[in-house]
Structure formats: C-alpha cells, structure tokens
Amino acid sequence: MEDERKKLAGEIIERLKKEYPDAECTLDYNDAWKLLVSVRLAAQCTDARVNVVVEKLYEKFPDVKALAEADPDEIEAIVKPCGLGHSKARDISACMKILYKDYGGKVPDDFNALLKLPGVGRKSANLIMGDVFGKPAIVTDTHCIRLVNRMGLVDGIKEPKKVEMELWKLIPPEEGSDFCHRLVYHGREVCTARTKPYCQKCCLEDICKKQGI
C-alpha cells in the first residue's frame, strides 16, 4: 500500500510542478523574523490581509529589538484586523523578546528550538525550515490536509501532525516544502473547500482518488 502511495505521490509532485512552476510562500517577507510574525498572524486569517497589516507593523517597529521592546497593547492595536489580536500580539511580543535576548535577533535554524518559541507550532516551524533555511519541511496547513486526503495519499487523517508524519514516508525530503506550496495554489484555484472542487480542469483528475468530495 505504501509503495502504491509513494508512486502516486511522485506522479502528483511532477504534475503540480508543471502546473505551478513558480509556487512559493504567499506571505511577504524579506527577513526570517518577519515570516515568523506573519505566520502567527495568518492563523484564521488570509495571507493577503496579513501582508497588508504587517506593513503598518514594520513601519512602527522595524526590527526585532523594536518589537521586543514594544508594549503588547500597541502591537495588538495594529494586528487586530487579523483576528485573535490579543493572543497573537502577546505571542509576537514574547517571541521577539526571546529572539533578541537569546539569539541576537536571529531566528534559529533548528526545528526543536523553533518549537520552543511562543506561538510557534509544527506548521510554522516547518515553514521557516523550508522557506528560510532550505531544509526538508512539510507544512500541513488546511489546504494540504484537505488535498492529500482527497487524493488518497492519506486516508481520513485530519490531525496535522499525523498527516505530516504520513507524508514524510511518501514525499522525498527535498520536495516537501515546494510540494506544500503547490498544494496551497491548487487548493485555492482548483481543489477548493467552499465550493465543489473543479475536477474537470484538474491536472490530477485521472489519478486522484477523489476521496471525501
């Protein structure tokens, strides 16, 4: 069964590469710490809105030191449009304090160190490892979980960590990060959540298991 899924995964990877050759993270950032901030704000919020909100945040607090020293209430006032403003502002404040104090303002390139930062879970840590440091990563966001279940790469697993562990068995390490970005593009444009998926225009139609549609 696993060999069959590995073969399916390989075919899906190749087809999505052709369909979305330039797929990349849809959060705007030019520094690792900014991606850390954005990915925390992106919980239950669109990447497009986060990209607008962080511009105002960085105008006022342009670096790790400024954010570490900022009053969490001031951060909250700016990030409120992303929802859950209170908890997100406090996580960002606590996270930047640790980066400034313990890491000289740099983001650690160690998965377990990232997981110890306030507000950083496996999804965020994997995103940082893959996008910033070019290391093997699998980011199990809502698109990834929905699509790999539909395609038959996993079977009825919804818990992000369990999906991630199953995908590590199937996806070559060097492909994981880009594969997950392509799933986001495909999930937004074709294999949608809120409408019926557009199977007739899907590059995977003939190999997709179409589970749970």
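Every read-out reported here was derived from the displayed coordinates using simple, explicitly stated rules and does not represent laboratory data. Everything numeric here is computed off the predicted structure, so don't read it as measured data. No Cβ is skipped: glycine too gets one built from the backbone with ideal geometry, and neighbour counts run over all protein chains shown.
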### Query
Taking neighbour Cβ counts within 10 Å as the exposure measure, how do His143, His181 sort from fewest upward?
His143, His181
#### Entry: Dipole moment magnitude, nearest 20 debye, region 32-132 about Cα centre, only Lys, Arg, Asp, Glu C-beta charged
220
### Nearest-ten-degree value, helix 142-151 long axis tilted from longest Cα axis of the chain
10
### Task
Note the full-extension length gain between Glu159 and Lys18 as 0.36 nm times their separation in residues minus their Cα-Cα distance, in nm to one decimal.
47.9 nm
### Task
Once every Cα of the chain carries one equal point scatterer and solvent is ignored, give the base-10 log of I(q)/I(0) from the Debye formula at q = 0.10, 0.12, 0.17 Å⁻¹, two decimals.
-0.46, -0.65, -1.13
### Query
With axes computed from alpha carbons, what is the tilt in degrees of helix 2-19 against the longest principal axis of the chain, rounded to the nearest 10 within 0 to 90?
70
### Query
Hey, any idea what Rg/Rh is for region 32-132, computing Rh the Kirkwood way over Cα pairs?
0.92
### Query
Can you pull the three principal axis extents for the Cα set of region 95-213, in Å, largest first?
53, 27, 22
### Query
For Pro108, what is the net charge nearby, where nearby means another residue's Cβ is under 10 Å from its Cβ and Lys, Arg count +1, Asp, Glu -1?
-1
### Query
Cysteines without a disulfide-compatible partner in the chain, using Cβ under 4.7 Å as the rule?
Cys25, Cys95, Cys144, Cys180, Cys191, Cys199, Cys202, Cys203, Cys208
### Task
Compute the Kirkwood hydrodynamic radius of region 1-57, taking the inverse of the mean of 1/r over all pairs of distinct Cα atoms, and give it in Å to one decimal.
13.7
### Computed label-point distance, nm, for sites Glu74 and Cys199 using a 7 Å Cα→Cβ extension
5.5
### Message
To the nearest 20 Debye, how big is the dipole of the chain about its Cα centre, given +1 on the beta carbon of each Lys and Arg and -1 on that of each Asp and Glu?
### Response
640
### Message
Take Thr46 and Leu115, extend 7 Å from each Cα along the Cα→Cβ direction, and tell me the distance between the two endpoints in nm.
### Response
3.4
### Query
For the residue pair Met1 and Lys65, what label-to-label distance in nm results when each label sits 7 Å from Cα along the Cα-to-beta-carbon direction?
5.6
### Task
Find out how many positive minus negative residues lie around Leu183, taking Lys and Arg as positive, Asp and Glu as negative, among other residues whose Cβ is under 9 Å from that of Leu183.
+1
### Task
Identify the residues of region 45-72 with backbone N under 17 Å of a label point that sits 7 angstrom from the Cα of Lys101 along the Cα-to-Cβ direction, or state none.
64-72
### Message
Just want the ordering: Asp155, Asp206, Asp178, from fewest to most Cβ atoms lying within 10 Å of their own Cβ.
### Response
Asp206, Asp155, Asp178
